[in-house]
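Q: Handing you a structure now.
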Amino acid sequence: MRTALGVAIAAVALLSTGGAGVAAPASFQLVFDGKHQANLLHEGSFTTSSLSCPTGTAEDLSIDEATLTAMRQFTCDAGGSFTAKVGPLPAEHGGSGAWQIVAGSGALADLRGKGTFTSLRTGGDPNDPETITFRSTWNGVADLDATPPITAVTHWHAKKLKRPKGAYQVTLALSLTDNGGGRVSYQLELVDPKKPSHSFAFKLGKTATGSVIKSLRIKVGTRIRHVLLKVEATDEVGNQSAFAKTFRLR
């Protein structure tokens with residue numbers, strides 16, 4: 001059950017009774033006033049829209065050099081912490097990017113969320129990175145929800161077509177359930193089980209009901225008897241689940 005971030009963390013006693021029927025995560029805003037550490041990673045102070053973590057300090061723990069995405073820990077003055085992926089890091093000097101809360105501790109252990117940021121350079125010489133200061137403003141959603149969507153195939157049927165040769169009409173139904181009743185984004189793909197890079201069909205979408213029904217026309221080689229269905233599902237705060245299952249064509 002989802003519980004609105006500002007209420008749930010501030011009043012733990014209400015966790016068992018509050019938030020009933022909440023289907024959408026709470027809006028979340030954060031302002032980070034940053035500067036550089038000696039190794040050019042970012043650190044600074046922050047404020048948020050959460051009553052449970054209105055202020056604190058943050059520092060980058062590491063950076064993925066391939067994507068220039070930082071793993072940043074936010075420590076709340078009121079107690080607890082959360083960790084977020086933020087990137088691309090240079091965009092914080094002036095630009096835009098994305099953030100995702102991926103872990104937490106203490107009262108924020110189940111905090112998850114995602115959104116975008118915009119940043120402005122507030123001082124320093126752009127030719128001397130160590131002197132740069134900036135303000136990064138986050139907007140998005142967050143909630144005390146670390147549970148990924150529950151995924152299942154509820155129906156599968158493959159009908160061979162007369163033409164063209166190797167063509168099938170595949171009808172399938174998926175159950176993609178979010179524990180709070182919110183929307184789930186999904187990606188589904190039908191591939192050759194022996195050559196997973198060989199895709200027969202690919203679809204992206206969202207469901208607010210937890211149910212997805214698709215009718216797909218595919219064309220396979222004459223020797224292929226099975227296809228592999230791959231599904232990835234993501235809820236509104238970024239929790240992900242995935243599965244793969246092989247189905248017989250004939």
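The values are calculated or read from the model by the stated rules, or taken from the named source; none is laboratory data. From a predicted model like this one, the values you see are computed outputs, not experimental measurements. Don't worry about glycine lacking a Cβ; one is built from the backbone with ideal geometry, like all the others, and counts go over all protein chains shown.
Q: Taking the residues in the range 16-44 that are at positive phi and within 23 Å of the chain's Cα centre (by Cα) as candidates, determine which candidate is modelled with the highest pLDDT.
A: Among residues in the range 16-44 that are at positive phi and within 23 Å of the chain's Cα centre (by Cα), the one modelled with the highest pLDDT is 21.
Q: A follow-up question, please. Looking only at the range 204-250, count how many residues are within 26 Å of residue 29 (Cα to Cα), β-branched (Val, Ile, Thr) and touching an Asp or Glu at 6+ places or on another chain (Cβ under 8 Å).
A: Within the range 204-250, residues that are within 26 Å of residue 29 (Cα to Cα), β-branched (Val, Ile, Thr) and touching an Asp or Glu at 6+ places or on another chain (Cβ under 8 Å) number 1.
Q: Using beta carbons and a limit of 6 Å, which pairs, at least six apart or on different chains, have the first residue in the range 170-182 and at pLDDT below 95 and the second one hydroxyl-bearing (Ser, Thr, Tyr) and not in a strand (DSSP E or B)?
A: 179/147
Q: Further, regarding this structure: Could you list all residues from the range 65-88 that are in contact (Cβ under 8 Å) with a residue 12 or more places away in the chain and of a type in the set (D, E, K, R)?
A: 72, 77, 85
Q: Another question, if that's okay. Residue 52: hydroxyl-bearing (Ser, Thr, Tyr) and either at pLDDT 95 or above or over 24 Å from the mean Cα position of the chain (by Cα) (or both), yes or no?
A: no
Q: Also: Out of all the residues in the range 106-138, which are assigned to a strand (DSSP E or B) and either free of Cβ contacts under 8 Å to residues at least 12 places away in the same chain or in contact with a Cys (Cβ under 7 Å, 6 or more places away or on another chain) (or both)?
A: Listed by number, the list holds a single entry, 123.
Q: Look through 146, 91, 103 and report the one residue that is under 21 Å from the mean Cα position of the chain (by Cα), part of a loop (DSSP other than H, G, I, E, B) and either basic (Lys, Arg) or surrounded by 15 or more Cβ atoms within 10 Å (Cβ to Cβ) (or both).
A: 146
Q: While we're on this one: Among the residues of the range 224-238, how many are more than 10 Å from the chain's Cα centre (by Cα) and either modelled with pLDDT of 95 or more or among the small types (Gly, Ala, Ser) (or both)?
A: Within the range 224-238, residues that are more than 10 Å from the chain's Cα centre (by Cα) and either modelled with pLDDT of 95 or more or among the small types (Gly, Ala, Ser) (or both) number 7.
Q: Please verify whether residue 197 is over 30 Å from residue 116 (Cα atoms) and free of Cβ contacts under 8 Å to residues at least 12 places away in the same chain, treating the condition exactly as stated.
A: yes
Q: Go through 211, 241, 215 for me and flag whichever is surrounded by fewer than 16 Cβ atoms within 10 Å (Cβ to Cβ), within 22 Å of residue 146 (Cα to Cα) and at pLDDT 95 or above.
A: Selected residue: 211, the only one of 211, 241, 215 that is surrounded by fewer than 16 Cβ atoms within 10 Å (Cβ to Cβ), within 22 Å of residue 146 (Cα to Cα) and at pLDDT 95 or above.
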